[in-house]
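Here's the structure we're looking at; comments come further down.
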């Protein structure tokens with residue numbers, strides 16, 4: 001059963017009326033489902049039962065403390081890309097030893113903080129980063145546990161902005177250079193080589209690219225063993241897509257089964273811990289963006305529904321030409337007309353949906369589907385707009401998990417000239 005549906009002409013999130021959330025917390029507001037997030041994680045966990053597997057949640061998808069806390073309670077590890085994300089894991093009592101630190105541009109300060117916190121592993125993405133990490137670890141009298149993020153040159157067949165596994169992408173170490181870099185890493189005094197990592201992109205809707213990447217990684221693992229470099233874990237990243245419109249991604253169970261069958265054909269059972277870094281697949285379909293129609297404007301050429309959400313709240317349509325379903329909270333009877341749904345930001349690119357068949361009037365509430373990932377985390381204060389509130393529903397409870405930003409907070413850190 002979906003976590004939101006219409007009942008007697010009202011859209012509910014779990015057992016909570018969305019109209020009540022709008023009345024209590026205002027709009028625009030992101031609404032997340034605790035049960036949808038739990039169920040997604042548990043499907044992955046069930047598919048990995050009996051195996052030595054760590055499922056890390058990639059905070060970049062949605063870093064709200066309530067989301068991080070919920071997944072920590074479920075037993076997730078965490079994939080981070082900044083010291084700020086590390087602080088969020090620690091703030092909810094997450095285990096730093098179950099954290100992998102990814103990202104191409106880690107600063108020395110971030111490295112120090114992560115080492116002092118005791119993160120489980122750094123996913124190193126360049127030779128120069130490897131050198132810096134060794135120096136930072138040495139200065140602290142430590143050795144940094146490292147896996148190299150290898151770029152397998154596999155086409156994930158996704159949007160070019162979120163494809164990360166090709167040679168022209170900025171991520172990872174080229175597959176052909178990885179063996180030499182591993183030998184270099186093994187000789188550095190501040191480095192403890194423990195694993196290998198790859199991540200080929202996001203919103204992947206086929207199994208084949210995952211298997212191609214796994215094969216490339218497995219080949220390299222064998223080569224490293226021949227070099228005397230014995231790894232402890234294989235991290236195959238994440239990137240499983242979700243359904244926004246008409247995509248047909250594989251199920252979590254199907255993906256895991258296919259990957260394990262491929263790895264079982266290459267390595268004896270249990271030899272390596274297997275790690276994953278899923279983000280969108282855990283939270284993408286677990287969120288809605290609730291917004292209210294301010295005006296209807298008909299230019300003769302286009303009919304616009306101007307809402308109180310904008311590109312600063314949900315930039316994916318403007319940035320990626322992304323599709324989000326639009327659901328009226330209280331559907332009206334009557335003829336539907338094509339509407340472009342736009343916000344109040346002073347940009348022609350400020351659109352959230354185009355040519356949607358709707359029967360709407362000013363004051364109506366709309367819910368944008370699949371807004372749980374890469375929505376609030378990518379929002380901004382453009383046009384001096386406060387960012388939206390965030391609410392978590394769990395059964396018949398709705399809890400405010402992030403207050404709406406006040407206008408005063410927007411310039412609280414600024415100073416006038418003296």
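Just so it is clear, none of the values below were taken in a lab; they were calculated from the coordinates. Model, not experiment: these values are computed from the prediction. Here the Cβ is made from the backbone with ideal geometry for all residues, glycine too, and neighbour counts use every protein chain on show.
Normalised radius of gyration for the range 38-111, please: alpha carbon Rg relative to 2.2 N^0.38 Å, two decimal places.
Normalised by 2.2 N^0.38 Å, the Cα Rg of the range 38-111 equals 1.11.
Write down the percent of antiparallel bridges among all DSSP beta bridges whose residues are both part of the range 1-132, to the nearest 5.
Given both bridge residues lie in the range 1-132, the antiparallel proportion sits at roughly 45 percent.
What list do you get for 191, 229 if you sort them by fewest beta carbons within 10 Å?
Final ranking by Cβ density, sparse to dense: 229, 191.
What are the extents of the Cα atoms of the range 184-247 along their three principal axes, listed from largest to smallest and rounded to whole Å?
Dimensions of the range 184-247 along the principal axes of its Cα atoms: 50, 23, 16 Å.
Give me the compactness ratio for the range 208-349, meaning the Cα radius of gyration over 2.2 N^0.38 Å.
1.59
Listing 102, 126, 35 from the residue with the fewest other Cβ atoms within 10 Å to the one with the most, what is the order?
With the fewest neighbours first, 102, 126, 35 line up as 35, 126, 102.
DSSP beta bridges in the chain, what fraction antiparallel, as a percent rounded to 5?
That works out to approximately 45 percent antiparallel.
Return 4, 411, 374 ranked ascending by Cβ neighbour count within 10 Å, so the fewest neighbours appear first.
So the ranking, lowest neighbour count to highest, is 411, 4, 374.
Compute the Rg to Rh ratio over the range 1-67 from the alpha carbon atoms, using the Kirkwood formula for Rh, and round to two decimal places.
1.09
Which value, in nm² and rounded to one decimal, describes the direction-averaged projected area of the C-alpha convex hull of the range 289-418?
10.1 nm²
Relative to 2.2 N^0.38 Å, what does the C-alpha radius of gyration of the chain come to as a ratio? Two decimals please.
1.05
Taking 4 °C and 1.567 mPa s as the conditions, I'd like the Stokes-Einstein D for the range 95-278 in µm²/s, using the Kirkwood hydrodynamic radius from alpha carbon pairs.
77 µm²/s
What is the helix-to-structure angle for 208-226, meaning the angle in degrees between its Cα long axis and the longest Cα principal axis of the chain, kept from 0 to 90 and rounded to the nearest 10?
20 degrees
Any idea what % of Cα-Cα pairs in the range 294-349 are farther than 20 Å?
Here the long-distance tail beyond 20 Å is 28 percent of all Cα pairs in the range 294-349.
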